[in-house]
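Please read the structure below before turning to the comments.
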Amino acid sequence: MEREMDHMHASGVSWIFAIVILFICALLVFHIVFTLWKQRSHLHRLSEQHSTIVHSLPMSLGMISTMTICMVIGAIMSHQLSAAYIVGLLAAVFVSGVISFPFQDVIPLLDGIVAGTMGGLMGVMVGVMIPQIGLYTIVILLTILFAVTWVIMERRIRSQPAK
């Protein structure tokens with residue numbers, strides 16, 4: 001049992017890898033917020049039409065973004081578990097709130113923050129527990145999934161008719 005606990009704290013990532021992933025995630029979040037802010041009147045009309053994209057976009061992007069970011073945070077801070085969870089929680093609430101803010105409605109904002117918080121705490125947990133080689137692979141795959149999710153959702157928003 002003691003050996004398993006030592007293994008649990010043996011994860012971590014190189015600083016260069018962490019900075020690159022966090023930079024890519026920051027660029028994606030900036031692009032998401034910039035794009036959604038430009039289209040906020042279109043988003044408001046979609047919200048009035050009760051479009052499912054108004055709820056699924058903040059939830060999906062909130063969860064995948066914070067899971068990716070907080071997995072890196074968990075890996076970096078794997079030896080300070082309490083601090084990792086607190087930093088992950090704060091980062092998750094902030095990032096998912098920023099992504100959900102352009103919707104200018106409380107329900108999508110709450111949807112995004114709740115899903116983002118869950119994703120952030122799961123990310124910290126996985127970042128602390130997974131061995132290093134698996135961590136690199138999962139973080140890279142989650143970053144790709146984050147980018148692909150945004151590209152697909154952006155196309156879906158643009159294809160929605162504005163009445």
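The values are calculated or read from the model by the stated rules, or taken from the named source; none is laboratory data. Just so we're clear, the structure is a prediction, and the values are computed from it rather than from any experiment. FYI the Cβ positions are ideal-geometry reconstructions off the backbone, even for glycines, and counts take in every protein chain you see. Just so you know, the surface numbers come from the protein's heavy atoms only, side chains and all, with ligands and any DNA or RNA stripped out. Shrake-Rupley method; radii C 1.70, N 1.55, O 1.52, S 1.80 Å.
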(request) Kindly establish whether residue 137 is surrounded by fewer than 17 Cβ atoms within 10 Å (Cβ to Cβ), part of a helix (DSSP H, G or I) and either polar (S, T, N, Q) or over 14 Å from the mean Cα position of the chain (by Cα) (or both). (result) yes
(message) Taking the conditions exactly as written (within 22 Å of residue 27 (Cα to Cα) and open to solvent by 20 Å² or more (accessible area, probe 1.4 Å)), does residue 81 satisfy them or not?
(response) no
(request) Could you please give the count of residues in segment 85-114 that are modelled with pLDDT under 95 and either part of a loop (DSSP other than H, G, I, E, B) or over 19 Å from residue 33 (Cβ atoms) (or both)? (result) 2
(request) Quick one: which helices (runs of 4 or more DSSP H) lie wholly within segment 1-83 and hold at least 1 residues that are modelled with pLDDT of 75 or more and under 18 Å from residue 148 (Cβ atoms)? (result) 15-38, 53-76
(message) Taking the conditions exactly as written (assigned to a helix (DSSP H, G or I) and open to solvent by 40 Å² or more (accessible area, probe 1.4 Å)), does residue 153 satisfy them or not?
(response) no
(message) Being among the small types (Gly, Ala, Ser), over 14 Å from residue 64 (Cβ atoms) and in contact with a helix residue (DSSP H, G or I) (Cβ under 9 Å, 6 or more places away or on another chain) is the filter here; which residues of segment 105-134 pass it?
(response) 127
